[in-house]
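Enquirer: Submitted below is the structure of interest, expressed as structure tokens.
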Amino acid sequence: MFFPPEKPVEEPKIPPADGAATLRRHIFLQGVVQGVGFRPFVFHLARRHGLHGWVSNSSEGVHLEVEGSRPRVEQFTQEINREAPPRARVERIQCRDLDPTGATGFEIRESVAEGGKYQLLSPDLATCPACREEIHTPSDRRYRYPFTNCTQCGPRFTIIQDIPYDRPRTTMAKFRMCVDCRREYDDPGDRRFHAQPNACPACGPRLRLVDGEGRPIPTVDPLASTAELLRRGKIVALKGLGGFLLACDALAASPVEELRRRKHRPDKPFAVMLSGLEAVRVHCQAGPAEEQLLLSPESPIVLLPWKESSSIVPAVAPRQKFLGVLLPYTPLHHLLMKESGMALVMTSGNRSEEPIAKDNEEALERLQGIADAFLLHDRDIFVQYDDSVAAVVNGRTFILRRARGYAPFPVRLPFSTRPVLACGGELKNTFCLTRDEYAFVSQHIGDLENLETFTHFQRTIEIYQRLFRIQPEVVAYDLHPEYLSTKFALGLPGKKVGIQHHFAHLAGCLAENGEPGPAIGLSFDGLGYGTDGALWGGEFLVGDFRSFRRLAHFEYLPLPGGAAAIRHPWRMA
């Protein structure tokens, strides 16, 4: 797994008893405690213990006060971490006892925005079982509604424009809840109690289907019409959680090969969305760990051994023994998979090497000539990101592309650090911002030599800086003088620190595993600019987060054509 082993949360420090029959306690919690149903959880827990008080979001976490008998307050304090919602991650708890005020009742108060404060944010979460059941139940008012969500699932990071996390600070602000949705939102007994993206067919986002030129396709059922287009071998661009996906029939060679031609992607494997585990077992070999990962709230693409008996056409992943598989992770996907009854290629909605398209007009322009039709909706995506890619090796999950479901949750460092921006490399870029003991590693950005990707890189840095209230004092960059990320870094204010490429990998491995070092590191990822001005590769290092020594390396070789030999290794033969 990309994250280091979790640091155990310290048990709340409870002040000694003073003999008073009634106790009022202020509790402050930090971590992923917004967007995961935490305030409703606190509300119910307080009611269960007969406590009075309030709970509120702030720009740095959740504040609450409870008042009641000391034994009940003590029990509540212990259970608030132990019984927290499944997607919550409590990192820190602070308690302070105060004089009782005689409060009655328990309320969820308005959120409080605080300048300079920050909090951890929840990634987007795959559709939960309860919401899946609703969209497939004809008698339910959300039957076949593709934007169904609750406190345990749905969009989070992709719709958040600022903190604290409340509907007015998300792209759902323009959708005013109907009477029924407002009743759910205000009902402590409902699982949509304070669910910020709450919506239904009467008041929420809606689908529309247009052709490849952006002209409306007359239909009373955009989902059914989309499924019919896919059955006819068409390529359809779908607006999803973090951007557009391009879909086509994975069991027919013609649409897959046509998608490759239009996207200028001759060989790179496509991912395939299957309806469920039964379909996965037909086409691939998957053990319990892989199946659990496919069904997880993160719901990444998982690389699985591809069965020779599979009817998925070879053009999906030419000359590959592994297939990238994912399950539906939004109501839209679940409904489309049921409507079509197909195995579908699901690949990023972009041209080769460009970032994924996120806005309707942008997609209609950039994907024109690739998609035969577009399934659009009117819920805006604020932060774009791709599907994550993972593999299970010896029972352990490794994240190969970290994006949806994982970002922006940070890596916890074994030390506290100054605000730093690390700009990353040129290819398959991610950047990182640090604050306190957290390293906020961005979602996969892509290759910066593409203008649209470089613009995406700059915009996403600005978003992370704003959401996490980080003003970098130090800017770290790769030693390679021609990297666009390096040139960008050198143009920023603040202290500049050059970092050798392979040493960065060693430090990254230490952070992933929560190790302070020193450690021996073997870095075989490819070429990187060395401290001696040569291009290094295949490095044996020893070091920690501060420094390293180069123990050994492969013999230097000439590169015919310079950088061209990096992209075309056959030149070295």
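Enquirer: Can you work out the Karplus-derived ³J(HN,Hα) for every residue in region 331-348? Use 6.51 cos²θ - 1.76 cosθ + 1.60 with θ = phi - 60°, whole Hz, and x for glycine or proline.
Expert: Result, rounded to whole Hz: x, 4, 5, 4, 5, 5, 5, 5, 5, 8, x, 10, 8, 10, 4, 10, 10, 3.
Enquirer: Non-local amide H neighbours of residue 437 (under 5 Å, H modeled in plane, Pro and chain starts lacking H): which ones?
Expert: 417
Enquirer: Let me ask something else about it. Quick check on the exposure proxy: order 270, 398, 488 from fewest to most C-beta atoms within 10 angstrom. Don't skip to the answer; put the middle values down first.
Expert: Numbers: 270 24, 398 14, 488 20.
Sorted ascending by nearby Cβ count, the order is 398, 488, 270.
Enquirer: Calculate one ³J(HN,Hα) per residue across region 234-240 by plugging θ = phi - 60° into the Karplus curve 6.51 cos²θ - 1.76 cosθ + 1.60, and present them in order as whole Hz with x for glycine and proline.
Expert: 7, 9, 10, 8, 10, 7, x
Enquirer: In whole Å, what is the distance between the alpha-carbon centres of region 303-347 and region 212-260?
Expert: About 15 Å separates the Cα centre of region 303-347 from the one of region 212-260.
Enquirer: Which order do the peptides 72-82, 497-507, 116-126 take when ranked by the mean count of other beta-carbon atoms within 10 Å per residue, highest first? Walk me through the numbers on the way to the answer.
Expert: Numbers: 72-82: 16.8, 497-507: 20.0, 116-126: 21.8.
Taking the mean over residues of other Cβ atoms within 10 Å, the ranking is 116-126, 497-507, 72-82.
Enquirer: Something else about it: Under 1.5 on a/c is rounded, so check that first for region 207-377, then, if it is not, pick prolate when a/b is larger than b/c and oblate when it is not; a ≥ b ≥ c are the square roots of the alpha carbon gyration tensor eigenvalues. Mind dumping the intermediate values first?
Expert: Working: a/c = 1.70, a/b = 1.44, b/c = 1.18.
Prolate is the answer for region 207-377, as a/c is 1.5 or above and a/b outweighs b/c.
Enquirer: Based only on Cα atoms, what Rg/Rh ratio does region 403-567 have, Rh being taken as Kirkwood's radius? All intermediate terms of the calculation are to be shown ahead of the outcome.
Expert: Values: Rg = 15.8 Å, Rh = 16.5 Å.
Reported Rg/Rh, Kirkwood definition of Rh: 0.96.
Enquirer: Report, by chain and number, residues whose modeled amide H sits under 5 Å from the one on residue 206, excluding near sequence neighbours (fewer than 5 apart, same chain).
Expert: It is 378, 379, by chain and number.
Enquirer: On to the next question. Take the alpha-carbon centre of region 157-175, take the same for region 532-573, and report the distance between them in whole Å.
Expert: The distance from the Cα centre of region 157-175 to that of region 532-573 comes to 45 Å.
Enquirer: What are the extents of the Cα atoms of region 318-401 along their three principal axes, listed from largest to smallest and rounded to whole Å?
Expert: Reported extents, whole Å, longest axis first: 44, 31, 29.
Enquirer: Residues with amide H under 5 Å of residue 92's amide H, sequence separation 5 or more or different chain, H placed in the peptide plane at 1.01 Å from N; which?
Expert: Those qualifying (amide H under 5 Å, at least 5 residues apart or on another chain) are 30.
Enquirer: Please list, in order along region 271-286, the HN-Hα scalar couplings obtained from phi with the Karplus expression 6.51 cos²θ - 1.76 cosθ + 1.60 (θ = phi - 60°), rounded to whole Hz, x for Gly and Pro.
Expert: 8, 10, 9, 10, 6, x, 5, 4, 5, 4, 5, 5, 9, 9, 9, 9
Enquirer: Charges at C-beta only: +1 for Lys and Arg, -1 for Asp and Glu. How large is the resulting dipole of the chain about its Cα centre, in Debye rounded to 20?
Expert: On the way: 70 positive and 69 negative charges, 65 e Å.
Dipole about the Cα centre, nearest 20: 320 debye.
Enquirer: Just check region 282-433 against the gyration tensor rule for me: Cα atoms, a ≥ b ≥ c as the square roots of the eigenvalues, rounded for a/c under 1.5, and otherwise prolate or oblate depending on whether a/b exceeds b/c.
Expert: Here region 282-433 falls in the oblate category.
Enquirer: Rank these for me by crowding, 51, 522, going from fewest to most other beta carbons within 10 Å.
Expert: Details: 51 24, 522 14.
In order of increasing Cβ crowding within 10 Å: 522, 51.
Enquirer: I've got another one for you. With a 4.7 Å Cβ cut-off, tell me which Cys residues in the chain come up empty for a partner.
Expert: 95, 131, 150, 181, 200, 248, 284, 423, 432, 509
Enquirer: Continuing with the same structure: With the contact rule set at Cα under 8 Å and sequence spacing of 6 or more, what percent relative contact order holds for the chain?
Expert: Values: 1262 pairs, mean separation 68.6, N = 573.
Relative CO of the chain lands at 12 percent.
Enquirer: If each DSSP helix of 4+ residues adds -39,500 (n - 2.57) and the sum is divided by the residues in the chain, what number results at 222 nm, nearest 500 deg cm²/dmol?
Expert: Working: 14 runs with 132 residues, N = 573.
So the calculated ellipticity at 222 nm is -6500 deg cm²/dmol.
Enquirer: Where a ≥ b ≥ c are the square roots of the eigenvalues of the C-alpha gyration tensor, would you call region 377-428 rounded, which needs a/c under 1.5, or, failing that, prolate if a/b is larger than b/c, or oblate? It would help to have the intermediate numbers written out before the result.
Expert: Values: a/c = 1.79, a/b = 1.09, b/c = 1.64.
Since a/c reaches 1.5 but b/c is at least a/b, the shape of region 377-428 is classed as oblate.
Read-outs: derived from the displayed coordinates by stated rules, not from any lab. These numbers come from a predicted model, not from an experiment. Cβ coordinates were reconstructed from backbone atoms using ideal geometry, including for glycine residues, and neighbour counts include every protein chain displayed.
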